Every structure is written in C-alpha cells, then in structure tokens.
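Step one of this worksheet: look at the structure below.
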Protein chains: 2
Amino acid sequence: MIKVNKMQNTSINNMITPIDTKKKSSHNDGINSLIELTAADMEKVNDLIINQTISKTDIIPKISRYLITAGGKRLRPMLTIASSLLCGRKNDNHILLATSVEFMHTATLLHDDVVDDSSMRRGKISARMLWGNEASVLVGDYILGQAFKIMVQSESLKALGILSNAAAIIAQGEVMQLSSVKNISTSENDYINIIESKTAALFAAATEVGGIINDRPEKECVALRSFGHNLGLAFQLTDDALDYNGNVDTLGKEIGDDFNEGKITLPIILSYKKSNSDENKFWNNVMLKEKRTNDDFTQAMLILEKHNCINETMKRAKYYANLAIKALEIFPESEIKKSLIESTIFSYNRNH
Amino acid sequence: MIKVNKMQNTSINNMITPIDTKKKSSHNDGINSLIELTAADMEKVNDLIINQTISKTDIIPKISRYLITAGGKRLRPMLTIASSLLCGRKNDNHILLATSVEFMHTATLLHDDVVDDSSMRRGKISARMLWGNEASVLVGDYILGQAFKIMVQSESLKALGILSNAAAIIAQGEVMQLSSVKNISTSENDYINIIESKTAALFAAATEVGGIINDRPEKECVALRSFGHNLGLAFQLTDDALDYNGNVDTLGKEIGDDFNEGKITLPIILSYKKSNSDENKFWNNVMLKEKRTNDDFTQAMLILEKHNCINETMKRAKYYANLAIKALEIFPESEIKKSLIESTIFSYNRNH
C-alpha cells in the first residue's frame with residue numbers, strides 16, 4: 001500500500017497551491033488534450049470492448065453496449081493508456097489492460113445500480129430498469145469475467161496482481177458504503193476510507209499498471225499509483241459536491257440522487273459536524289426515513305449552504321488534485337504529462 | 001474447447017457400461033476415499049479460505065463463512081486437489097487454485113440466490129434472507145475478487161486463463177438460464193448448453209488446472225478437462241432429478257425448488273416432449289404463472305412419473321458419469337484415480 005496523507009482540516013488552505021479556478025471549464029475542455037493524445041489507442045480499446053461483448057446470448061451484448069456506449073468519459077481506461085504513453089509504451093498491453101479497467105468499472109456500475117435501486121445512469125434509464133436486477137447482476141458478473149480474461153492476455157503477473165487486488169478492494173468499499181448508508185455519524189476519515197476503496201483503488205490500479213507493463217522503476221510505478229489514487233479521490237469528492245449543485249443536463253443523472261438514496265457523502269458529514277441541535281435532528285430524521293421528499297432536499301440544501309459544506313467538499317477535492325499533480329513531478333515534461341495535469345485540474349473544475 | 005459428444009437418446013442404453021446401482025449409497029459413502037486422500041490438503045484450503053475472508057468489514061467474513069462453512073461437500077476444490085495429486089503434485093499451487101475454485105463457486109451461489117429469490121441454501125436460510133440482496137451481491141463480488149487475487153499467486157498464466165475463462169462462461173450460462181426460466185419449449189440441447197456453462201465449466205476448469213500446474217502433457221490436461229466437464233453434467237442432472245424426488249433432510253434445500261422458481265430443468269423438458277395436449281397445456285399454464293401451488297407440484301409429479309422423466313434424467317446423468325470415467329483411462333491405476341472413479345459413480349448414485 002502506498003502511504004497517502006489524510007488531509008488535516010486545519011491545513012487545507014495552506015496546502016493548496018494556487019490554480020486558476022475562476023473560469024469554469026465548458027464540456028470536456030480540460031480533458032481535450034488527454035482525449036486527443038490517447039485517441040488512436042482508445043479506438044483500439046473501443047474495438048476490443050465491442051469484440052469482447054459478443055456472446056451466445058442476446059442480452060449480454062445488449063446490456064454491455066447500452067451501458068458502455070452511453071457516453072461515459074472513459075476516463076479510467078484513458079488513464080491507463082496515458083500512463084503507458086508517459087512511460088514510453090513498449091507494446092500493446094496497455095490496450096488490453098485499459099479494456100479490463102473499463103470492464104471492471106462497467107461491472108461495478110451494473111451492480112451498484114442494483115444495490116442502490118438507481119433509475120438513471122449516465123443520463124439514460126439504468127440497465128436494471130430495462131432488463132431487470134437479475135440480468136444486471138449476471139451480466140455484471142460476465143463482464144467482470146471478461147475483464148480478467150483480457151488482463152490474463154497481457155501476461156503480466158504484476159499487473160494481474162494489482163488489478164485483481166483492486167477488484168476485491170472496490171467490492172469491499174461498496175460493502176463499507178452499504179453499512180454506512182444510514183449512519184449519519186460516519187466520520188470524515190471513515191468516509192475517505194470508503195471512497196479510497198470504491199473509487200480511488202481502480203484509478204490507482206489503472207495508472208500504476210501503465211508503469212508496470214513498461215518495466216519502469218518502482219519509484220515511477222509508486223508515483224503513478226499515487227497520482228491515480230489522489231485523482232480518484234478528487235474525482236469522487238467533486239461528484240459528491242455536484243450531486244448537490246451540478247447541472248442536471250450535463251451531469252447525466254439526477255441532482256440529489258445520493259440524498260434520495262440516503263447515501264451519507266462528505267457534504268452531509270461536514271454539515272453534521274457543524275450543525276446546531278435542530279439541524280442535527282433534521283439530519284438524523286431525514287436520513288433514516290424510508291423516502292426523502294423534495295421539501296427534505298430543499299431543507300438539506302439550506303443547511304449545507306449555511307455551513308458552506310459544498311464548497312468545503314470542493315476544497316478537499318482540490319487538495320487531492322494537487323497531491324495527484326505533485327506525484328507526477330518525477331516525470332520529465334511532455335505533452336502527455338501536461339494533458340494529465342490539465343485533466344486533474346478538470347476533475348474538480350467541472351460542472352458535470 | 002474440448003469436443004464433448006452430445007448424447008443421442010437412441011443410444012443411451014448401449015453406451016452405459018454396467019455399474020452396480022442397486023445399493024443406494026449412504027451419506028458420503030462413495031466419496032469417502034476422495035475425502036480421505038485429499039484431507040491434508042483440504043485442511044490447508046480451509047485455512048486459506050478463513051484467512052482470505054478476513055476484512056475491514058464485519059459483514060464480509062460473516063457472510064463468507066456462513067456460506068462456506070454451511071456444510072457443502074467442497075467437491076470442486078477437492079477435485080482440483082485430487083487432479084493435482086493424480087498428476088504428481090509438484091508444488092503447493094493446487095492449494096491456491098482449489099481455494100480460488102471454491103471462492104468462484106461461493107460467489108456464484110450468493111448471486112444465484114439473489115437472482116432466483118431463493119430462501120434456502122445448503123440446508124440453511126440463504127444469506128440474502130439474513131443480510132439482504134445488496135450485501136449478497138457485493139460480498140459475492142468481493143469473494144470473486146479474492147478468487148482472482150489468490151489464483152494470481154499461483155503464477156501460472158495458463159491456469160489463470162482457464163479459470164478466468166470459466167468465470168465468464170459460468171455467468172453466461174446463468175444469463176442463458178435466466179432467459180429460459182419461463183420458456184417451456186427449451187430443447188434438451190439448449191438445456192445441456194446451459195448446464196455446460198453454469199455447472200460443467202467450473203468442474204472442467206477445476207480438474208484441468210490440476211494437470212496444468214504440474215506441467216503435464218496436453219493429452220492429460222485435455223483428459224482431466226473432459227473428466228471434470230462430464231462429471232459436472234452428471235452432477236447437475238442428478239441435482240435436477242433430486243429436486244423432484246430427493247430426501248429433503250439430506251438435500252439441504254426444499255424439494256420442488258426448481259419447480260417453484262419456474263426453472264425449466266431436464267425432467268420437465270423431457271416430459272413436455274412426451275406429454276399429450278392436456279398435459280402440455282398444464283405445463284404451459286403452470287410454468288408461466290407468477291407462483292406455483294402444492295397442488296401444481298403434485299400434478300407435475302404425476303405427469304413426470306407417468307412419462308418416467310426423472311429416471312430418464314438419471315439415465316443421462318449416468319451416461320455423462322461414464323464418459324467422465326472413460327476420460328480417466330489414460331492415467332495409470334492409483335488410489336487417487338480409484339477415488340475419483342468412485343466419486344463419479346457417487347455423483348449420480350446419491351439421494352442428496
């Protein structure tokens with residue numbers, strides 16, 4: 001395990017190096033150069049994705065492609081490609097591993113939607129609403145099986161170890177989150193632990209394997225892992241904040257989803273610490289209820305804004321984004337490195 | 001893929017070599033010698049299972065151990081151990097792979113119970129009834145992740161390829177079964193395809209890797225694969241038959257489970273082919289209903305018995321069991337080979 005410092009609240013502002021956040025980026029602006037530099041390889045990844053979801057059954061390619069082609073940014077596989085390019089890309093194994101990473105992510109999404117009873121995903125009706133929970137569980141299992149089959153083809157035991165470890169950690173993070181769904185007293189530390197597992201673990205594995213398959217020295221692989229890990233945290237915390245103030249058209253899901261599902265994310269955790277007894281009573285009642293109403297959401301937003309919790313969540317996202325950028329320092333300057341830094345800034349400087 | 005002949009109905013009786021089936025074996029009799037010969041290694045597998053389900057969360061070890069220690073026969077990991085012993089066991093990799101095989105199976109059971117709404121598993125209340133569908137899905141994912149982590153430790157890319165391929169095929173078989181749940185006109189061939197994927201694939205992988213990790217010639221690995229594949233089919237078909245006439249105390253689940261869940265298994269498929277129009281009308285109505293009553297089950301049993309469908313299913317189980325035994329012919333006589341043959345006979349000559 002790499003050592004990642006847990007952020008101390010008192011020192012956040014000091015630790016954030018200045019980044020121009022005045023101009024909110026428009027759709028994909030900040031990751032355009034990453035998209036361009038990885039485009040040729042991502043096309044191969046896309047071909048492999050289509051090819052590997054051909055199956056004896058109708059429903060497997062239908063569900064897989066419905067979800068995979070639903071317009072996700074494919075940030076994770078792009079990170080594997082970019083990390084391999086940063087490390088001199090010796091062979092085409094990064095295509096295989098990037099595809100595995102996307103499949104691992106897709107399988108997680110399918111199961112997440114079942115567990116969370118979600119009705120929307122990536123701006124479309126979720127697969128489970130169209131084909132049922134049963135098919136979503138089983139097709140998720142199939143896609144995960146394909147992920148492992150493809151990564152075995154890379155013949156890199158080290159990469160296999162990293163990715164299979166991530167698979168177990170992600171599932172553990174989801175279980176941890178399930179246990180905390182109705183636990184309003186989840187601490188900030190516990191919460192960071194959860195998102196380290198459920199989000200950052202795959203980002204970290206996706207970037208680390210880029211170094212591994214190019215036989216780079218341990219120092220570089222650890223740096224890549226740290227980059228992915230911290231970027232994953234920044235990405236997740238931004239998602240948590242956007243769930244309370246994002247743009248519903250570009251976000252691809254409904255505002256207030258986390259709240260409606262009773263998910264305790266960082267904005268609420270921060271608020272609970274700062275709230276007066278009436279406000280805490282509200283949180284206790286509202287998060288334990290079977291369902292939350294629009295009025296509940298309005299009230300929640302008032303308290304979150306009063307205590308500046310959405311901005312505070314974004315501050316933490318920026319903190320981790322800066323750690324991610326710092327981790328890349330050991331690599332010489334290059335176009336691909338520049339694009340990774342820009343994408344990291346974009347990870348928190350987005351509205352969707 | 002190995003080539004396995006689909007059984008032709010007309011030639012079943014000719015192809016079955018005589019096996020003494022008069023004496024129904026008592027509990028575990030037929031696999032006692034397999035259990036004894038693999039006991040020392042299975043103890044190591046059990047230790048590894050306990051060790052690998054330790055987790056940051058309470059619920060992961062609880063669910064894993066609840067299911068894994070619920071008294072299943074652990075036939076699949078035992079087959080990996082036995083296959084490796086048959087092949088001269090060069091190292092301890094069979095412990096790792098046997099544990100992976102059991103984990104893959106456990107993950108499938110957890111997800112199956114969710115998909116099938118099952119209330120019982122291995123004679124106990126199913127995990128999903130105690131901890132919910134959500135936890136069962138996620139803990140299943142975690143256990144599958146652990147399965148891959150452990151198999152990577154064997155450092156055998158060939159074994160990894162075989163097992164990860166099996167994982168995808170199993171899930172595909174489950175999806176195929178899901179599509180046929182309410183399809184009364186599923187053909188015998190389609191049905192054999194389903195159980196080849198959902199059951200035989202893991203048996204085949206479990207036995208084949210025993211040869212692979214001992215660097216045995218391809219001929220032996222193919223023979224082991226064929227042995228496992230056909231044993232898996234015999235095992236599943238016997239399960240299908242027992243679901244209509246097994247002993248509820250030793251079976252560990254309720255009689256009529258498949259029927260109640262609307263699962264079209266071989267006894268019904270055979271009956272549908274032989275039934276008169278009134279009987280076919282019954283099957284069409286009863287399997288499409290939301291729920292089936294006890295009276296429905298009684299009526300189903302009458303038709304199945306009239307057309308001898310449970311015995312016919314058992315005949316097919318014997319057919320595949322004999323193919324399995326035949327596959328072992330290339331191995332020299334030994335105690336472990338004898339125990340595998342006895343276990344194969346037991347696979348269909350059991351009442352639970």
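If you take every residue apart from B:Asn311 with its C-beta less than 11 Å away from the C-beta of B:Asn311, what net charge results, scoring Lys and Arg +1 and Asp and Glu -1?
On the way: positive: B:Lys315, B:Arg316, B:Lys318; negative: B:Glu305, B:Glu312.
Charge balance near B:Asn311 sits at +1.
Per DSSP helix of 4 or more residues, -39500 (n - 2.57); summed, then divided by the residues of chain A. What does that give at 222 nm, rounded to the nearest 500? So the helix-based figure for chain A works out to -22500 deg cm²/dmol. Each copy carries B:Asn308; placing its label point 7 Å along the C-beta direction from Cα gives inter-copy distances of 8.5 nm, listed from smallest up.
Please report A:Glu312, A:Glu333 as a ranked list, fewest other C-beta atoms within 10 angstrom at the top and most at the bottom. Provide the component values of the computation, followed by the final result.
Numbers: A:Glu312 19, A:Glu333 8.
Ordered by Cβ neighbours within 10 Å, fewest first: A:Glu333, A:Glu312.
In whole percents, the pair-distance distribution calculated for segment B:282-323 from its alpha-carbon pairs, binned every 5 Å from zero, is 6, 20, 21, 16, 15, 12, 8, 3.
Label-point distances for A:Asp278 to the equivalent site in the other copies, using a point 7 angstrom along Cα→C-beta, read 7.6 nm when ranked shortest first. Distances between placed amide hydrogens fall under 5 Å for B:Met120 paired with B:Ser126, all partners being 5 or more residues away or on another chain.
Under the classification rounded if a/c is under 1.5, otherwise prolate if a/b is larger than b/c and oblate if not, where does segment B:93-227 fall, given a ≥ b ≥ c as square roots of the Cα gyration tensor eigenvalues? Taking the square roots of the gyration eigenvalues as a ≥ b ≥ c, segment B:93-227 is oblate. Specify the angular offset, from 0 to 90 degrees and rounded to the nearest 10, of the alpha carbon long axis of helix B:93-116 from the longest principal axis of the alpha carbons in chain B. Between the helix axis and the principal axis of chain B, the angle is about 30 degrees.
Note on B:173-181: average number of Cβ atoms from other chains within 10 Å of each residue's Cβ is 5. Going by a ≥ b ≥ c, the root eigenvalues of the Cα gyration tensor, does segment A:108-184 fall in the rounded group (a/c under 1.5), the prolate group (a/b larger than b/c) or the oblate group? Cα axes put segment A:108-184 in the oblate bin. Taking every pair of alpha-carbon atoms in segment B:62-160, what share in percent sits in each 10 Å bin, from 0 to the bin with the longest distance? P(r) for segment B:62-160, in whole percents per bin: 16, 44, 27, 12, 1.
Hey, what did segment A:31-346 get for relative contact order, percent, Cα under 8 Å, at least 6 apart? Don't skip to the answer; put the middle values down first.
Numbers: 439 pairs, mean separation 63.5, N = 316.
About 20 percent, as a whole number.
Can you give the alpha-carbon Rg of the protein assembly as shown over 2.2 N^0.38 Å, where N counts its residues? Don't jump to the answer; show the numbers that get you there.
On the way: Rg = 27.0 Å, N = 704, 2.2 N^0.38 = 26.6 Å.
Here the answer is 1.02, to two decimals.
Legend: mean number of C-beta atoms from other chains within 10 angstrom of residue C-beta atoms, peptide B:99-111, equals 1.
For chain A, a Gaussian network of Cα nodes joined below 10 Å ranks A:Pro61, A:Pro77, A:Pro267 by mean-square fluctuation, and the top entry is A:Pro61. Return the single residue from B:Thr207, B:Thr99, B:Thr293 with maximal mean-square fluctuation; model: Gaussian network over chain B, springs between Cα atoms under 10 Å. Per the Cα network of chain B with a 10 Å cutoff, B:Thr293 tops the list.
If neighbour count is taken as other Cβ atoms inside 10 Å, put A:Ser339, A:Ser84 in order from fewest to most.
A:Ser339, A:Ser84
When the alpha carbon gyration tensor of chain A is reduced to an equivalent ellipsoid, its three semi-axes come out at 32, 25, 17 angstrom, largest first. FRET efficiency for the pair A:Lys158 and B:Lys326, taken as 1/(1 + (r/R0)^6) with r the Cβ-Cβ distance and R0 = 51 Å, rounds to 0.80.
Per residue of peptide B:127-136, the mean number of Cβ atoms on other chains within 10 Å of the residue Cβ is 2.
Each other copy places its own label point for B:Phe297 at 4.6 nm from this one, sorted shortest first, where the point lies 7 Å along the Cα-to-beta carbon line. In the frame of its principal axes, segment A:203-352 has Cα extents of 55, 31, 25 Å, reported largest first. If you build a Gaussian network model of chain A, linking Cα atoms that sit under 10 Å apart, which residue out of A:Ser271, A:Ser156, A:Ser83 swings the most? Of the options given, A:Ser156 has the highest mean-square fluctuation.
Cβ crowding within 10 Å ranks A:Ile184, A:Ile345 as A:Ile184, A:Ile345, fewest other Cβ atoms first.
Every read-out reported here was derived from the displayed coordinates using simple, explicitly stated rules and does not represent laboratory data. Everything numeric in this text was worked out from a predicted model, so none of it was measured. Heads up, the Cβs are rebuilt from the backbone with ideal geometry, glycines too, and the neighbour counts pull from every protein chain shown.
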